[in-house]
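Notes follow the structure.
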Amino acid sequence: MIQPQTELLVALNHLELMIHEATDEAPKLKAMGFKIDGLEQLQKAQADLEKQLEPAVLKQYQRLQQRSGRPVVPVINGNCCGCYIKIPTAVASDAAKNRTLATCGNCGRFLYWPSE
């Protein structure tokens, strides 16, 4: 079972990436004849997710986003994909994966283990 705050953080991070891509690429896409729809719905979903996060977690997320641009990263092959440092075994144990709100001891980013 995935920790609820971790699940919300991953979803929020993905939504923000989609919003960023839609707003940054919108002029290029419009010039090519593509219509950009749904941005308002993405922003509403983002606000809804932010309301569900614990205030301290949201504050840390926002701080990390300003500092690194990638506040939530996966752990692949036991390494943080933000700073590429090996995650300690106690944090990366099968019992702890996605069951607790984990952060990298080196870069501070929130961690999640993608389903294998």
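Please treat every number below as a calculation from the coordinates, not as lab data. Just so it is clear, the structure is predicted and the values come from calculations on it, not from any experiment. Don't worry about glycine lacking a Cβ; one is built from the backbone with ideal geometry, like all the others, and counts go over all protein chains shown.
Some notes on this structure:
- Dipole of segment 4-112, positive direction: furthest Cα of L53, L15, C104, with charges on the beta-carbon: C104
- Lacking any other cysteine beta-carbon closer than 4.7 Å, the following Cys residues of the chain have no compatible partner: C81.
- Here the mean projected area of the convex hull built on the C-alpha positions of the chain is 8.3 nm².
- Mean Kyte hydropathy of -1.0 or more with a Cα span along the axis of at least 15 Å, helices from DSSP in the chain: 4-31
- Summing Cβ point charges (Lys, Arg +1; Asp, Glu -1) relative to the Cα centre of the chain gives a dipole of roughly 340 debye.
- For T89, T100, order by how many other beta-carbon atoms lie within 10 Å, fewest first: T89, T100
- Contour minus Cα-Cα distance for A26 and Q46 (0.36 nm per residue): 5.3 nm
- Percent RCO, i.e. relative contact order, over the chain, from Cα pairs under 8 Å lying at least 6 residues apart: 30 percent
- Computed from the Cα positions only, the extents of segment 20-68 along the three principal axes stand at 42, 23, 6 Å, in decreasing order.
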